Protein chains: 2
Amino acid sequence: MSERSKVYQQVLSEIQRLIKEDGYLPGDKLPSERQLSVQLDAARSSVREALRAIELLGIIETRQGEGTYLRDYQTYHAVELLASFVLQDSRIQEELQQAKKVLENYVLSIDSLSDQQLTQLREILADSSLSKEEKHHRFFLVFFKANDNQLLLRIWRLMQDFSENIEQDVYPDQYYCDMLKKYKKTIE
Amino acid sequence: MSERSKVYQQVLSEIQRLIKEDGYLPGDKLPSERQLSVQLDAARSSVREALRAIELLGIIETRQGEGTYLRDYQTYHAVELLASFVLQDSRIQEELQQAKKVLENYVLSIDSLSDQQLTQLREILADSSLSKEEKHHRFFLVFFKANDNQLLLRIWRLMQDFSENIEQDVYPDQYYCDMLKKYKKTIE
DNA sequence: AGTCTTTACTGGTCAGACCAATTAACTATT
DNA sequence: AATAGTTAATTGGTCTGACCAGTAAAGACT
């Protein structure tokens, strides 16, 4: 009656079970491919298909000669991957810039920054050894970190990477200074 | 000199190339596993590892006896899976919700909507056959389309898929009505 | 004790076989 | 000629077993 799920999907479930029930944690070593194939009564090739799939998702990491390890899969590796497919046919620069600005404007709307963060920002702006791009990146990095949303940061970084090759619409230096003033005021 | 990427990663690149350069579209049939293995000079098992991986991502679909087909990968199937791994963590749920709201708030800030779009919105709100989730989705879809940024729309959809698996913080009906009023005013 | 060599284990890849499901080609029947 | 039924070819699904390539642990030597 159909719905006989493929072997590699069963293996997938088993890995999930290991994590959920046997308490495997990031960094832990999973059973070897050969061992899993015995454990699950499946061919090693099938086990590998499953492992390769979740490796692509960034859930595990394999090191030849060592073994297969659980990764800290909260690093949103999948987002990158999916985005690489999404972006390949809609790499329209304007959309990307607009999207980037949406995120940047959002983090700029944070209520207040710590003294330390303000100092950081001033240093970045004062550092003449930095390129325009570097400055932009570091400047907003402070805000993204202040905002403390890893996902947003991750997406923004992705956009940065993608838009690095195309010419950036450059922000004038004044732009950053204006931003700084805003927060300066809230403290003084 | 290291960096010899694994075979299955090469296959992955090849699939991407097919899509990008040879213009494969959703629904198209990919070369068979055996043909790919010849084409890429790799063992069929290696080809399969790659195919299984991107199948898990929802990019392709395989039907025994028929072949392997490109899917409309705008609806990422992988999110379900990843969600089951990742979304236990409540912190990630919060981040996701926050990120989604950033995008939603942005498209809500659009200056004006057409009469037709306003009508659409009213119909969606009035349609009692829609679930809460459906309503939310369609409501914002109008705004995203009005805003005409494919990239933002796709990212938002991705987030929607992700957050569908976890309990949504429900918006009260009043929320949508308030939004509507805002635009009603600009027209009348 | 410290170093070197060997061994065992792990992932990476390959080749070939067979099954299962679908499709296409062909044949026989009407 | 049109249809139905059978056969062959193709495709994915799975398995087995082999060999290579790194790593780490055990053992031997100094």
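Within segment B:9-19, is there a residue that is at pLDDT 80 or above and in a loop (DSSP other than H, G, I, E, B)?
no
Mind checking which residues of segment A:38-60 are without any contact (Cβ under 8 Å) to a residue 24 or more places away in the chain and within 9 Å of DNA strand C (Cβ to nearest atom)?
The answer is A:Arg44, A:Ser45, A:Arg48, A:Arg52, A:Glu55.
Okay, residues lined up against (1) modelled with pLDDT under 90; (2) near DNA strand D (Cβ under 7 Å from one of its atoms); (3) under 23 Å from A:Leu51 (Cβ atoms):
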position	(1), (2), (3)
B:Gly23	yes, no, no
B:Asp28	no, no, no
B:Glu33	no, yes, yes
B:Arg44	no, yes, yes
B:Ile54	yes, no, yes
B:Arg71	yes, no, yes
B:Thr75	yes, no, no
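The values are calculated or read from the model by the stated rules, or taken from the named source; none is laboratory data. From a predicted model like this one, the values you see are computed outputs, not experimental measurements. Here the Cβ is made from the backbone with ideal geometry for all residues, glycine too, and neighbour counts use every protein chain on show.
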